[in-house]
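The values are calculated or read from the model by the stated rules, or taken from the named source; none is laboratory data. What you are looking at is a predicted structure, and each value in this text was computed from that prediction instead of being measured. For neighbour counting, all protein chains shown are included, and Cβ atoms are generated from backbone atoms with ideal geometry for every residue, glycine included.
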Amino acid sequence: NADFVAIKVGDMSLDAKANALTVETRSKQGVFALNVENVSMKAGNEYRVAVTAAELAKLQGFQGTLTLDNNKVELVDLEYGAATAANFGMHLVDNGIITTSWDGKAENNEVLFTLVVRARTEAELSNVLNINSRVTVAEAYGSNDELMDLAINFGNGEVVSAGFELGQNAPNPFRSQTTINYNLPESADVTFTITDAAGKLLQVLRTSGVQGKNVLTLERKDLPAGVLFYTLTTDDFTATKSMIVE
């Protein structure tokens, strides 16, 4: 199942006292790019978007979450190449989300798969298609077991990689502890705040986030029951989600 895959991560505990915040990480060594030819789309037209990779033969595998802007394009079909139906999770496709996990052998520049899309409006493909860690963590594995970020190269000098994303805590609701995934386009200092429904500040946590996936483990201790809000802030981004404490 492309939604549930094994990923290689290490663990690093930041601060065992107050707030029991931990970050799990493994350093990434560069970026592996999937190649897609950018196109200026016209409303009503269909486009075949072939996904390849120049150095595919050097890859053990990759995984990630493909997202399409449903307001701008409609997915008509997914045609298989080196990647087959077993490498994709489609249960969120109505939301513009396709999870993927592929491992195997392929030639350089071999077509992995092709997205067939119909444009709803005029748009650049590079503004519509993205790879991120929204559901399945975006990363690639080299022939020497090196872990890399995964990106899309649109051939016009624009490379889109997994950007800033704040995930929903799980489990939610929770009684003892919960985890929160977030993704950073580059390493950055992160401030994590928790507030109640009235806006009262309950906790402030600070840590150094790494490029790519980060995982926060939050303990129930000292948090009141009810609907709370958690906010992640860096110098360039901020995002807030709600959670339920039982």
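Before moving on, here are some points about what is shown:
Residue by residue, here is whether (1) in the same structural domain as Ser101 (by TED's automatic domain parsing); (2) closer than 30 Å to Glu146 by Cβ; (3) crowded, with 20+ Cβ neighbours inside 10 Å holds:
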{"site": "Arg48", "(1), (2), (3)": "yes, no, no"}
{"site": "Val51", "(1), (2), (3)": "yes, yes, yes"}
{"site": "Ala57", "(1), (2), (3)": "yes, yes, no"}
{"site": "Gly64", "(1), (2), (3)": "yes, yes, yes"}
{"site": "Val76", "(1), (2), (3)": "yes, no, no"}
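- Residues (surrounded by fewer than 16 Cβ atoms within 10 Å (Cβ to Cβ), in contact with a strand residue (DSSP E or B) (Cβ under 8 Å, 6 or more places away or on another chain) and among the aliphatic types (A, V, I, L, M)) located in the range 179-207: Ala197, Leu201, Leu202, Val204
- Only a single criterion out of (1) small (Gly, Ala, Ser); (2) surrounded by 18 or more Cβ atoms within 10 Å (Cβ to Cβ); (3) closer than 15 Å to Leu34 by Cα is not satisfied by Gly89, namely (3).
Every residue, every condition in (1) of a type in the set (Gly, Ala, Ser); (2) farther than 24 Å from Trp102 by Cα; (3) under 16 Å from the mean Cα position of the chain (by Cα); (4) at pLDDT 95 or above, yes or no:
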position: Leu21; (1), (2), (3), (4): no, yes, no, no
position: Gly44; (1), (2), (3), (4): yes, yes, no, yes
position: Tyr47; (1), (2), (3), (4): no, no, no, yes
position: Ala50; (1), (2), (3), (4): yes, no, no, yes
position: Glu55; (1), (2), (3), (4): no, no, no, no
position: Thr65; (1), (2), (3), (4): no, no, yes, no
position: Asp69; (1), (2), (3), (4): no, no, yes, no
position: Lys72; (1), (2), (3), (4): no, yes, no, no
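- Listing of strands (runs of 3 or more DSSP E) fully contained in the range 149-246 that carry 3 or more residues being at pLDDT below 90: 159-161, 177-184, 212-219, 238-245
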